[in-house]
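Before any comments, here is the structure.
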Amino acid sequence: MTVSEILTKVIAKERLSAAEGLTLLQQGDLLALGIAANEVKKRIHSDDIVTFVIDRNINYTNICEVKCRFCAFYREQGHSDAYVLSKEEIFHKIQETVEVGGTQILMQGGIHPGLGLDYYLDLLASIKKRFHIHIHSFSPPEIWHMAQMSKLTVKEIILKLKEAGLDSLPGGGAEILTDQVRHHISPKKISWRQWLEVMETAHGVGLRTTATMMFGSVETLEDRILHLVRLRELQDKTGGFTAFIPWSYQPGNTDLGGSSATGIEYLKMLAVSRIMLDNFTNIQASWVTQGAKMAQVSLWFGANDFGGTMLEENVVRATGVSNTVPLDEIINAIKNTGNISAQRNTMYTIIKRYD
């Protein structure tokens with residue numbers, strides 16, 4: 001089937017196969033893909049509202065035994081830069097977030113061999129006791145690690161975390177959902193099946209989650225499409241994903257090395273994601289890796305959300321890429337595209353519009 005025939009199917013609201021999605025990535029014209037992705041977005045978001053959340057990323061530890069080859073953030077135990085934040089430091093960061101109108105914290109950390117389940121449960125309960133804020137925290141690899149350490153099931157872990165105050169899970173640790181790629185870039189990390197198992201389990205007990213993709217390292221275009229299809233299949237089953245966030249691999253200071261995807265590759269991947277993920281309501285632009293200007297362009301390639309203000313971000317920064325976009329700049333960046341800026345919460349309920 002030709003690209004033109006496939007895009008005709010898209011406009012006719014027909015679901016694409018993996019083979020058709022692959023053809024779009026391989027042969028699709030950038031602008032044609034953008035037009036089709038924008039059409040799909042407009043079916044869901046016809047009001048020209050582009051959302052963002054005021055949040056902060058809190059990396060409670062950079063100590064990690066998984067040592068992914070694409071990661072510049074982790075440190076081994078005993079390294080001079082290794083740390084575990086104290087509760088007081090975490091509380092201070094949350095207080096700063098609340099004071100500027102933040103509604104969400106995203107806590108993620110390395111796979112620390114010395115932190116037991118009690119640490120996480122106590123941390124969650126302590127935060128909820130002091131702050132009225134949504135805790136969007138602990139990616140599937142962290143959840144799996146907690147289960148292994150405590151000899152409990154994934155479901156038991158998630159239920160305990162939920163009871164202690166966990167509100168939703170981020171989609172970190174997905175990278176590319178094929179084991180061939182994972183074995184090359186992160187051989188000690190959980191498999192793609194285990195990643196999906198954590199997400200399905202979270203959805204089953206009432207916790208919503210996001211989904212991500214890190215592309216541009218060593219994977220093939222076929223791998224990228226398979227990643228999207230596997231997410232789409234789980235979303236068909238549970239409906240538990242709130243959003244999809246694709247972001248490009250940043251090679252600086254990593255063991256894996258290589259180069260990053262170009263802006264054109266990013267926009268094509270974003271557009272094909274919107275087209276293939278026909279059961280996902282929200283697609284986030286990644287200004288953290290692409291910068292504000294490219295995030296603006298993303299709004300014509302399927303994205304409807306600008307992500308978070310991220311008062312703090314450390315993982316991408318460790319690669320040497322540092323894009324900072326203050327709240328006012330996010331509002332104006334969205335307005336300058338002819339859209340309406342709106343602050344949302346984690347569940348995509350609009351809190352405030354900036355008409």
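I'd like to know if the stretch 98-116 contains one or more residues that are in a helix (DSSP H, G or I) and either surrounded by 14 or more Cβ atoms within 10 Å (Cβ to Cβ) or within 21 Å of the chain's Cα centre (by Cα) (or both).
yes
Tell me which residues, restricted to the stretch 77-96, are touching a strand residue (DSSP E or B) at 6+ places or on another chain (Cβ under 7 Å), in a loop (DSSP other than H, G, I, E, B) and of a type outside the set (A, V, I, L, M, F, W, C).
Of everything in the stretch 77-96, those that are touching a strand residue (DSSP E or B) at 6+ places or on another chain (Cβ under 7 Å), in a loop (DSSP other than H, G, I, E, B) and of a type outside the set (A, V, I, L, M, F, W, C) turn out to be GLN77, ASP81, TYR83.
Looking at GLU39, GLU20, GLU88, can you tell me which residue is more than 29 Å from GLY263 (Cα to Cα) and modelled with pLDDT of 95 or more?
Selected residue: GLU88, the only one of GLU39, GLU20, GLU88 that is more than 29 Å from GLY263 (Cα to Cα) and modelled with pLDDT of 95 or more.
Hey, could you check the stretch 263-305 for residues that are assigned to a helix (DSSP H, G or I) and hydroxyl-bearing (Ser, Thr, Tyr) and say which is surrounded by the most Cβ atoms within 10 Å (Cβ to Cβ)?
Selected residue: SER298.
When the stretch 176-203 is examined, which residues are found to be surrounded by fewer than 20 Cβ atoms within 10 Å (Cβ to Cβ), closer than 26 Å to ALA72 by Cβ and not β-branched (Val, Ile, Thr)?
Hits for the stretch 176-203 are ASP179, GLN180, HIS183, HIS184, PRO187, LYS188, SER191, GLN194.
Quick check, is LEU124 buried (at least 18 other Cβ atoms within 10 Å of the Cβ) and in a helix (DSSP H, G or I)?
yes
Filter the stretch 1-21 down to the residues that are surrounded by 17 or more Cβ atoms within 10 Å (Cβ to Cβ), of a type outside the set (A, V, I, L, M, F, W, C) and touching a residue at least 40 places away in the same chain (Cβ under 8 Å) and list them by number.
GLY21
Let's see how each residue does on (1) of a type in the set (D, E, K, R); (2) modelled with pLDDT under 95; (3) surrounded by 20 or more Cβ atoms within 10 Å (Cβ to Cβ):
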residue: GLY206; (1), (2), (3): no, no, no
residue: PHE215; (1), (2), (3): no, no, yes
residue: LEU221; (1), (2), (3): no, no, no
residue: ASP236; (1), (2), (3): yes, no, no
residue: GLY239; (1), (2), (3): no, no, no
residue: PHE244; (1), (2), (3): no, no, yes
residue: GLY252; (1), (2), (3): no, yes, no
residue: LEU256; (1), (2), (3): no, yes, no
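Provide a single number: the residues in the stretch 42-76 that are modelled with pLDDT of 95 or more, assigned to a loop (DSSP other than H, G, I, E, B) and surrounded by fewer than 15 Cβ atoms within 10 Å (Cβ to Cβ).
Counting residues in the stretch 42-76 that are modelled with pLDDT of 95 or more, assigned to a loop (DSSP other than H, G, I, E, B) and surrounded by fewer than 15 Cβ atoms within 10 Å (Cβ to Cβ) gives 0.
The values are calculated or read from the model by the stated rules, or taken from the named source; none is laboratory data. In this text the structure is predicted, and so the values were computed from the model without any measurement. Here Cβ is always computed from backbone atoms with ideal geometry, including for glycine, and neighbour counts include all displayed protein chains.
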